[in-house]
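The values are calculated or read from the model by the stated rules, or taken from the named source; none is laboratory data. Note that the structure is predicted; figures quoted are calculated from it, not measured. All Cβ positions, even for glycine, are placed from backbone atoms using ideal geometry, and neighbour counts span all protein chains on display. SASA here: full protein model, heavy atoms, side chains in, ligands and nucleic acids out. Shrake-Rupley method; radii C 1.70, N 1.55, O 1.52, S 1.80 Å.
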Amino acid sequence: MTTIDETAAPSAAKHGATRGGGPKGPRFLVVQGTLPYRGLQLAAVVLVALLLLWASGLPAFRMGQITNVFIIAIAIAGLNLVTGYTGLLSIGHSAFFGLGAYTTGILIVKYEFAPLSTIPVAIGLCFVLGLLVGLPSLRIHGLYLALVTLAVAVSFPEIVRRAEDLTGGAAGMVVRSRFLAPPEWTGLVRAERGIWMFWLSAGVLAVVLLLCRNLVRSRFGIAMRSTRDNEIAAAANGISVARTKIVAFGISGAITGLAGSLFTMYMGALSPDGSFTLMKSIEFITGLVLGGVATQIGPLVGAFAVVFLPYLTASYTEGPLAGVVFGVVLIVIVFLMPEGIVGRVGILARKVVRIVPADHPRLGRAPREGPPEPAHAER
Amino acid sequence: MELFLERLITGLTNGSVYALLALALVVVFRGTGTLNFAQGELALFTTFFAWWLTTESIPVWIAIIASLIAGFVLGALIERLLIRPVQRRNDMAVLIVALGLFTGLNSLAGLIWGSETKIMPSPFPNGIDDYVSVGGARLYFDALGVVGALVALMIVLTLLFRYTRVGLHMRAVADNGESATLAGVRTSRILAIGWGLSGAIGALAGVLVTPLSPQQLGLTTMFHVFIAASAAALFGGLDSLTGAVVGGITIGVLEAMLTGYVSFIGGSLQQTSALFIIVAILFLRPNGLFGTKRLVRV
């Protein structure tokens, strides 16, 4: 469905500056696995580490906001797997977020689990819910599946309100801060929960982004993308389309549930009408589209945008304006920049620098005797 | 028995409203193959507009007609300016635009007219005593009015689709847009008319439902109606007018009976039960009860 693909290069890059007509391709090529490539990777890691250290020195309020960004980014990264790479629009991810959050909340409050030990349970439950939501995709396509996810999103708050004994119903649920103290091995005291959550979310986000990157490049990731791009062709090539969709939904739900679990530890209070309504799903989608559908760090950029956009507009009025802004931003992005911020920056960057595998034809090292290139390069 | 009859009447009335909005969804789906997620919020917006007109001491009937016109214009504009440019790209782009409209229109109504609940006057007599007694149950005139409006609309739509040139063209475009274009149908105009028509139908549903709704006119009034209406439209297969009406009424009656007689569901799981119906129908009959099976050519 989505046409955005990180491998789609601008046409000029396909044929090099080999024959006349001036340089058409990117100015620099960086070959994967060489020293400059490793250097760039190392520089990126160092830069991220420095940014994180800088952010951890910010005042508590700012640091809390950034922690929130990281948590939303994890949730959007989950959505990206199913919507971005598998091409199934989900407006039900608020339910996964909520299920993760409530699982952690209930386990801590009712069963006195340590916060971190609730994470695997939350992930497991959300994975199962994801499989269940994906199950209709055996028979249902596109639009109809979006309706099923809508059903999940709308039902979740109602069910939470109904299951009062467990969830505290409409009044919500408070997790006392003594339960949420950082674990002892960190050496942090209870008052330093902010900094603990900051580093925990940052770490989890890094792991999640890395896992997503590897997953998308794996055999299963190829199956996901081909299911998205052409279901019939994928099926004809032996991909089990239904299984791909269901498993993608499961993994996606699990990651968003993980974000929900962290959200409980971060907020310490849950209510069905607060953060787990359809509006949250729309926030995730806005973030995904804004950051860049099917890009690796789009979720992070998008999360920054959706967390800080309401703050920018809130100086005028509360509430409704944020909704108008989300709506307008969604529509404007679809029109003007369908590849999102990260996608657009990527396209621009590829005009200057391009990372290629070692057997790229433009490298003079191994001249190929293929069919002669047309004298007029494309365009 | 009285209670049963009263619940049946409530169900029929609500069902008629669901059927109205479901008709709007079906008209759009037949034209463009898109489920308009923003249909409910579009109706909400035009209803607020009608309410605002009545506060300016404009008679309620004129306000309703004005909101129908506003619905038509808004629908057509949305198709032309927002949907058409991205339609060719892919389904997801259309869905995302519709989601943007969904949040945008709702919040815009809140921004312009405030989020507190409004009392929308009914076009029909709706005093305590305005009812006829049927087998002991009270049949209020405003409920009758809604059912009447549905019947009238069904007749108008049937006549439109069957006997007019525009209706013929709409059917042709829905069936095969390219062939229709080659045969000289002005496809783009027909599509805009289709969206406009559904905007107007939605507006009608909005002004009729709010005086009956327990929440009156608030920002959340139309959401439940939209959920039930999409269940109704799916029930009928998304492309059948009859299916939408049968679906709407079935879901209205089912809902009234379930909330009345099954105490576990009560008043609090209404939406969940409507949505459960959606999922169940999709599982059992992906093309709905009246829908045509879609063939995919490779």
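Based on DSSP, what percent of beta bridges with both residues in the protein assembly as shown are antiparallel, to the nearest 5? Spell out each step's value before the answer.
Numbers: 7 of 11 bridges.
That works out to approximately 65 percent antiparallel.
List the residues whose amide H sits under 5 Å from the amide H of A:Gly172, counting only those 5 or more places along or on another chain, with H placed 1.01 Å from N in the peptide plane.
The list, which skips near neighbours in sequence, is empty: none.
Need one value for A:321-333: mean number of C-beta atoms belonging to other chains within 10 Å of its residues' C-beta atoms.
Numbers: counts 4, 2, 11, 9, 3, 6, 13, 6, 3, 9, 10, 1, 3.
Taking all residues of A:321-333 together, the mean is 6.
Just need the relative contact order of region B:153-284 here, percent rounded to a whole number, with Cα pairs under 8 Å and 6+ apart.
Once normalised by length, the contact order is 13 percent.
How high is the relative contact order of chain B, in percent, counting Cα pairs under 8 Å that sit 6 or more residues apart?
Taking the mean separation of contacting Cα pairs over the length of chain B, I get 35 percent.
Please state the shape class of region B:138-178: rounded when a/c is under 1.5, otherwise prolate if a/b exceeds b/c and oblate if not, all from the C-alpha gyration tensor.
Prolate is the answer for region B:138-178, as a/c is 1.5 or above and a/b outweighs b/c.
Quick one: which bits of region B:92-117 get at least 50 Å² less accessible when the partner protein chains are in, versus the chain alone, with a 1.4 Å probe?
Residues meeting the cut-off: B:Met92, B:Leu95, B:Ile96, B:Leu99, B:Thr103, B:Ser107, B:Leu111.
For the pairing of chain B with chain A, what total accessible surface becomes buried, with a 1.4 angstrom probe, in square angstrom to the nearest 100?
What B and A bury together is about 3900 Å².
Leaving out ligands, DNA and RNA, and with a 1.4 Å probe, what % of the accessible surface on the protein assembly as shown is carbon or sulfur?
On the way: 20040 of 30370 Å².
About 66 percent, which is the carbon plus sulfur part of the accessible surface.
Skip the ligands, DNA and RNA, and give the accessible area per residue of region A:197-316 with a 1.4 Å probe, whole Å². Walk me through the numbers before you get to the answer.
Details: 4390 Å² over 120 residues.
I get 37 Å² per residue for region A:197-316.
By the gyration tensor of its Cα atoms, with a ≥ b ≥ c the square roots of the eigenvalues, what is the shape of the protein assembly as shown: rounded for a/c under 1.5, prolate for a/b over b/c, or oblate? Numbers along the way, then the final one.
Numbers: a/c = 2.04, a/b = 1.35, b/c = 1.51.
Verdict is oblate for the protein assembly as shown.
Quick one: how many lysine pairs does the protein assembly as shown have with C-alpha atoms less than 30 Å apart and a gap of 8 or more or different chains? Give me the count, please. Don't skip to the answer; put the middle values down first.
Working: A:Lys14/A:Lys24; A:Lys14/A:Lys351; A:Lys24/A:Lys351; A:Lys110/A:Lys280; A:Lys245/A:Lys280; A:Lys245/B:Lys293; A:Lys280/B:Lys118.
So the count works out to 7.
Between the chain alone and the structure with every protein chain in place, find the residues of region A:149-163 that drop at least 40 Å² of accessible area; heavy atoms, 1.4 Å probe.
Residues shielded by partner chains are A:Leu150, A:Ala151, A:Val154, A:Glu158, A:Arg162.
Name the residue, out of B:Leu197, B:Leu238, B:Leu105, whose mean-square fluctuation peaks in a Gaussian network model built on chain B with Cα pairs under 10 Å.
Result for chain B, Cα springs under 10 Å: B:Leu105 fluctuates most.
So for region A:74-216, averaging the separation of alpha carbon pairs under 8 Å that are six or more residues apart and normalising by length, what relative contact order in percent results? Please report the intermediate quantities before stating the final value.
Details: 112 pairs, mean separation 39.2, N = 143.
With pairs under 8 Å counted, the relative contact order is 27 percent.
At 1.4 Å probe size, what's the solvent-accessible area of A:Ser218? Round to the nearest 10 Å².
40 Å²
Can you sort B:Leu159, A:Leu147, B:Leu74 by 1.4 Å-probe accessible area, starting with the largest?
Details: B:Leu159 90, A:Leu147 0, B:Leu74 45 Å².
Final ranking, largest accessible area leading: B:Leu159, B:Leu74, A:Leu147.
Might you work out the accessible area of B:Val225 for me, using a 1.4 Å probe with all protein chains in place, and round it to the nearest 10 Å²?
Accessible area, nearest 10 Å²: 10 Å².
Could you put A:Tyr311, A:Tyr144, B:Tyr163 in order of accessible surface area, largest first, with the 1.4 Å probe and the full protein assembly present?
B:Tyr163, A:Tyr311, A:Tyr144
Please check region B:228-257 for residues whose accessible area, probe 1.4 Å, is lower by 20 Å² or more when all protein chains are in place than in their chain alone.
Residues passing the criterion (a loss of at least 20 Å², heavy atoms only) are B:Leu234, B:Leu238.
Over all residues in B:271-283, what is the mean tally of Cβ atoms on other chains that come within 10 Å of each residue's Cβ? If you can, show how the numbers build up before the last one.
Values: counts 5, 9, 2, 3, 9, 2, 1, 5, 10, 0, 1, 8, 6.
Per-residue shielding by partner chains comes out at 5.
Could you compute the longest span of chain B free of GluC sites (Glu not before Pro) located in DSSP loops and having at most 13 other Cβ atoms within 10 Å, not counting the site residues?
Values: sites that count: B:Glu56, B:Glu116.
It works out to B:117-298.
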